[in-house]
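The structure under discussion appears below in the form of structure tokens.
The values are calculated or read from the model by the stated rules, or taken from the named source; none is laboratory data. Predicted model only: the values in this text are computed from it and were never measured. Don't worry about glycine lacking a Cβ; one is built from the backbone with ideal geometry, like all the others, and counts go over all protein chains shown.
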Amino acid sequence: MINTIIARVSGASRYEFDGRKGGKLSVINEVDADNDDQVGMQCSDMSADFSIVEQIRNAGVELPCNLELDIELRMVRAGQNRQQTTSMHVIAVRRPKGTGHSSAAPSAKAEAPKA
């Protein structure tokens, strides 16, 4: 099943090694203001298709910015004891629908008109 989310993307990379191809998408989030144990930004990585770097280039955006991501939830085995866990894998990326620009929400400070 494919889900669509909006995420603040900070970077992407891809690899090709021994005939295997893949990629990685890095996202950032502000931490919960009510959580006294965190401050600043939270960084996460998601696996991605090899084509994700070209999709971002073709979207004509400057990172970091908000992007609409199509993701698959995948069951993967992790750790020495091979427990299953859920992983998000990005299969497509594009500018968010219904916006003229893919940057973050407008700043609280409005730019003063030039005289």
Could you check the stretch 50-100 and list, in sequence order, the residues that are assigned to a loop (DSSP other than H, G, I, E, B) and either more than 20 Å from residue 29 (Cβ to Cβ) or touching a helix residue (DSSP H, G or I) at 6+ places or on another chain (Cβ under 6 Å) (or both)? 50, 51, 60, 79, 80, 81, 82, 95, 97, 98, 100
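For (1) closer than 16 Å to residue 8 by Cβ; (2) modelled with pLDDT under 95; (3) surrounded by fewer than 18 Cβ atoms within 10 Å (Cβ to Cβ), each residue gets a yes or a no:
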{"residue": "29", "(1), (2), (3)": "yes, yes, yes"}
{"residue": "36", "(1), (2), (3)": "no, yes, yes"}
{"residue": "49", "(1), (2), (3)": "no, no, no"}
{"residue": "57", "(1), (2), (3)": "no, no, yes"}
{"residue": "72", "(1), (2), (3)": "no, no, yes"}
{"residue": "77", "(1), (2), (3)": "no, yes, yes"}
{"residue": "82", "(1), (2), (3)": "no, yes, yes"}
{"residue": "85", "(1), (2), (3)": "no, yes, yes"}
Return yes when residue 73 is more than 14 Å from residue 88 (Cα to Cα), touching a residue at least 60 places away in the same chain (Cβ under 8 Å) and in contact with a strand residue (DSSP E or B) (Cβ under 9 Å, 6 or more places away or on another chain) and no when it is not. no
